[in-house]
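The values are calculated or read from the model by the stated rules, or taken from the named source; none is laboratory data. Owing to the predicted nature of the structure, the values given are computational and were not obtained by experimental measurement. Using ideal geometry, Cβ is built from the backbone for each residue, glycine included, and neighbour counts are taken over all protein chains shown. Note: accessible area is taken over every heavy atom of the protein model, side chains too, but ligands, DNA and RNA are not part of it. Shrake-Rupley method; radii C 1.70, N 1.55, O 1.52, S 1.80 Å.
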Amino acid sequence: MSIWNRRKAIDTAGGDAAHALKKTLSWYHLVALGVGAIVGTGIYTLTGVGAGLAGPGVMLSFLIAGAVCACAALCYAELSTMIPASGSAYTYSYVAMGEPVAWFVGWSLILEYTLVCAAVAVGWSAHAQGLFRMAGFPEILLAGPHAGGLVNLPAVIISFAVAGLLALGTKESATVNMVLVVIKITALAVFVVLCLPAFDASHFTPFMPQGFAATAGPDGVKVGVMAAASLIFFAFYGFDAVSTAAEETKNPKRDLTIGIVGSMLACTLIYMLVAAVAIGASRAEVFSKSEAPLVFILESLKHPRMAQLVALAAVVALPTVILAFMYGQSRIFFVMARDGLLPPALSRVNAKTGTPVLMTLLTGALSALLSGLLSLKDIAELANAGTLAAFIAVGLSVIILRVRDPNRPRLFSTPLWQVVAPGAILGCLYLFYSLPAKTQRYFLYAHLIGAAVYLLYGVRRSVLARAEAGKA
């Protein structure tokens, strides 16, 4: 049998009972997981970066990135309820398109989740370094080699701390996540309330000073609404981490739909509101120069104490993003190992906690390594490329399964799937095109490495490959 014909059956996609995950999550855990993943570094920092690329047109960038992600979220909701197994886009691709495509999608997800964990750990470190200086940590341990230091120790510490929390158990970590999400949303609400009295509509003119399309400026950096959208996209994804929890959800039919669609809608509204209030309170060209734009705006409006509280909320709550993506990463690793594409020992579930402890700790180690040595900008851009590839695969999976298996029961059906699924694919392709050329090259290099790993190990060791050999 050709490797291109190796496909998982939908009914057995979840694996056997010996390698099953414990069902402990309800819809409110999933919504909190999604909001925790989406509302984080993006809203606290990328609002300013996006405004620097697009001016007030960053509002349109948020809308475009949100619309593309909304299409992808609806596709995820259909597939996650039809195939309630861990693995997210990797598992859906395995069912719809076969093993080689699934491997590359899984590799993209590994790229996405690991890099996001590392990126947010670096962002958290930037907010928390004052506390570490007060504790007596030397400067050489507060920055990576790119910034003249030895290692970004705060980023390493938070990576291992979140991994340890996840290893204790899914329900326990989800409960902590819910508390931190409330803190984060409260801080954003305070920002909106304090900035509304200073709102000035004239700050929205001119609306698109850099134009709509992503075009290279004098320094070679792409600017414009679409350039900002391709970066701001980093701020939106996270709902896909919810789909990795399918196997641990008590009532997938109801809870996954609420978790994925609910968290996406809630976060789109939050982003649009915060961005509009930020631009109304301060001109885009002013706050875009700050690495902490929300804090900068509050300080400029003479609210220094509340600015400190918002910054503190970021320090306390940003780990929810790391938690959500590290959770998703460990589950992708787990399922790929369960399928034999990675060493099977990685798929072992701890009898007490019901979680893949070894895989969770390995994920924490990878995040710690990257965040300790690399810069936030390089990490975030490459993470976007991996995510866009996964979203394209999900849109394709919806179309293929609709054509190949139209009569299979779908607990949630993507509305107007003939429009929504192609919309997700084309939107992601355009955003990928708008990424920096360097990021596109790095994405290619990473997947050439992935191809080598698959050809050297997975193509012969997968569960389906061994089943073929047994029949031969």
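Given the DSSP H assignment, sum -39500 (n - 2.57) over each helix run of at least 4 residues in the chain and divide by its residue total; what's the result at 222 nm in deg cm²/dmol, nearest 500?
Details: 19 runs with 314 residues, N = 472.
Counting only the DSSP helices, I get -22000 deg cm²/dmol.
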Highest mean first, what order results for 257-268, 416-427, 130-141, 390-401 on Cβ atoms within 10 Å?
390-401, 257-268, 416-427, 130-141
Roughly speaking, what is the stretch gain from residue 250 to residue 369, that is 0.36 nm per residue apart minus the C-alpha to C-alpha distance, in nm to one decimal?
39.4 nm
Kirkwood Rh and Cα Rg combined as Rg/Rh, region 400-454
1.16
Of 29, 308, 9, which is farthest along the charge dipole of the chain in the positive direction, counting Lys and Arg as +1 and Asp and Glu as -1 at C-beta?
9
Taking Cα pairs closer than 8 Å and at least 6 residues apart, the relative contact order of region 49-207 in percent is 17
Taking only protein heavy atoms and a 1.4 Å probe, the highest-to-lowest accessible-area order of 405, 339 is 405, 339
The answer for region 65-215, accessible area per residue at 1.4 Å probe in Å², is 35
Report which label in [x] 20.6; [y] 23.1; [z] 21.8 holds the value of mean projected area of the Cα convex hull in nm² derived from the coordinates of this structure.
[z]
Percent of accessible area on the chain owned by carbon and sulfur, 1.4 Å probe?
70
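To the nearest 20 Debye, how big is the dipole of the chain about its Cα centre, given +1 on the beta carbon of each Lys and Arg and -1 on that of each Asp and Glu? Numbers along the way, then the final one.
Values: 31 positive and 21 negative charges, 191 e Å.
Approximately 920 debye in magnitude.
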State, to one decimal in nm, how far the label point of residue 346 lies from the label point of residue 453, with both points 7 Å from Cα in the Cβ direction.
0.6
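Among the listed pairs 8/438; 184/302; 184/438, give every one whose C-alpha distance is greater than 27 Å.
On the way: 8/438 35 Å; 184/302 22 Å; 184/438 33 Å.
Exceeds cut-off: 8/438; 184/438.
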